[in-house]
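Following: one structure in structure tokens, then a few remarks.
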Amino acid sequence: MGNQADDEDVAPLVNPEKGDAPVEVGPVEVGVKPIATSETILSTRTSRAWIRALPVLVVLTVILVFVFQNPKDVKVSLFTFSGTLPLSVALLGAVILGALMALALGSVRIFQLRRQVHRKKGGSDGN
């Protein structure tokens, strides 16, 4: 437990400039570094792009199903503006506005924390 290496220590290092990352095919022993052999499959930019695109496609599919299942028009009022929209569009708009508000507040907080860290580093160097 305490003397055993983590799985992260065994993973091969990726050289992003090269564009190829070795992927182990067989079982990996703890403490043994993998060696590139004829059984090693190299990861390519295209394969990594597909891996990143799949979750996006799943989310888009779920959103499309949601939109097509909720076509009923509802009356929406915001301050002095009002109108009718499909229920799915109104709910997606509310989700997007909520996400933008959370992003804005989170960005402000990160900016504050970075400024505090910068001040502490600057204050300790001057003493």
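The values are calculated or read from the model by the stated rules, or taken from the named source; none is laboratory data. The shown structure was predicted, so the numbers you read here are calculated from the model rather than taken from an experiment. Cβ atoms come from the backbone with ideal geometry, glycine included; neighbour counts cover every protein chain shown.
Of all residues in the range 63-77, those satisfying the criterion of being assigned to a strand (DSSP E or B) and either of a type in the set (S, T, N, Q) or surrounded by 10 or more Cβ atoms within 10 Å (Cβ to Cβ) (or both) are Asp73, Val74, Val76, Ser77.
For the range 78-93, give me each residue that is loosely packed, with under 12 Cβ neighbours inside 10 Å and either hydroxyl-bearing (Ser, Thr, Tyr) or modelled with pLDDT of 90 or more (or both). Don't jump to the end; show me each part of the working.
Residues of the range 78-93 loosely packed, with under 12 Cβ neighbours inside 10 Å: 78-84.
Within the range 78-93, Thr80, Ser82, Gly83, Thr84 meet the criteria.
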